[in-house]
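The block underneath contains the structure these notes are about, expressed in C-alpha cells.
Coordinate-derived values only; no laboratory data. Being a predicted model, the structure only gives us computed values, none of them experimental. We place every Cβ from the backbone using ideal geometry, glycine too, and count neighbours over all the protein chains shown.
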C-alpha cells in the first residue's frame, strides 16, 4: 500500500453499502425548511467535496455561497430578471434539443412533478409559475453558485459537475437536502454583476440546499433510473 494512502476504516462491503444508500436516498428537494445550516456543517461539506478528482488536478471549481440577507438580495435580483421574460444568458451552450429516450425521461420527470402538485397537463401558465420557483431557491436558506475559469472550457465544466455530485452526497450524508439548478446559469451575466465576479468566470450551475421539508407533497415522488443494460456496452473480445 502506498505510504500516502490512508488505511480504510470500514470493510469494502460497508463502504459500498453507504455509497449505495446515499445515492438511493438523494433526490432533488423542491421545498425546504427555513432553518439555517450551521456554518461548520457547510464547511464540512466543502472540505469533503474538495477531494473531487479533476483534469490535471486543476480543481477548477470556485464556489460562492449566499445565506441570510445576502441570499435574499440575490433571490430578489435573479427572480426579477427571470420573471421579466428577458433572454437567456448562458455561459455554456444548453442542450439544443431532447430527442428519443432523453425526451421521454425529461417528460416523465416533469409530469411526476406536475402530477404531484396537482398541475393539469398542458397548463403552461402553471408550468411557468412552477419553473420560477427555481429563482426562489425553493425556499432554501442557502444557495451555492459553482463557477469556473473560461480558458478551461468544457473540461473545467465537467470537473465542476463532479464537484456538484460530491457536494450533494456530502450534504446527504450530513442530513441535508439539495437541488442542482442549471436554471440559475441562464442568468450568468446577472450573477457576475451581482457578485462582482471577473469577466473570465463562467457560471456552471447553482445548488440550493438546507433541511428538506419532508412533509411537503412536492418532496414525495422519486424519479426513475435507466438500467445498466440501457447505458453500458461491454467489449470483451
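What residue, among those in the stretch 45-58 that are in contact (Cβ under 8 Å) with a residue 12 or more places away in the chain and surrounded by fewer than 16 Cβ atoms within 10 Å (Cβ to Cβ), is farthest from residue 225 (Cα to Cα)?
Within the stretch 45-58, the match that is farthest from residue 225 (Cα to Cα) is 58.
State yes or no: is residue 140 surrounded by fewer than 14 Cβ atoms within 10 Å (Cβ to Cβ) and farther than 17 Å from residue 204 by Cβ?
When the stated conditions are applied, residue 140 does not pass them.
Please work out which residue is farthest from residue 138 (Cα to Cα), limiting yourself to the stretch 76-98 and to residues that are in contact with a strand residue (DSSP E or B) (Cβ under 8 Å, 6 or more places away or on another chain) and part of a helix (DSSP H, G or I).
Step by step, filter the stretch 76-98, then rank; the result is 81.
Is there a residue in the stretch 29-40 that is surrounded by fewer than 16 Cβ atoms within 10 Å (Cβ to Cβ), within 30 Å of residue 149 (Cβ to Cβ) and free of Cβ contacts under 8 Å to residues at least 24 places away in the same chain?
There is at least one residue in the stretch 29-40 that is surrounded by fewer than 16 Cβ atoms within 10 Å (Cβ to Cβ), within 30 Å of residue 149 (Cβ to Cβ) and free of Cβ contacts under 8 Å to residues at least 24 places away in the same chain.
Return the residues of the stretch 190-237 that are more than 18 Å from the chain's Cα centre (by Cα), assigned to a helix (DSSP H, G or I) and surrounded by fewer than 17 Cβ atoms within 10 Å (Cβ to Cβ); say none if nothing qualifies.
If the condition is that a residue be more than 18 Å from the chain's Cα centre (by Cα), assigned to a helix (DSSP H, G or I) and surrounded by fewer than 17 Cβ atoms within 10 Å (Cβ to Cβ), then 193, 195, 217, 228, 229, 230, 231 are the ones that fit.
So which residues in the stretch 36-74 are assigned to a loop (DSSP other than H, G, I, E, B) and in contact with a strand residue (DSSP E or B) (Cβ under 7 Å, 6 or more places away or on another chain), if there are any at all?
Within the stretch 36-74, 36, 37, 60, 61 qualify.
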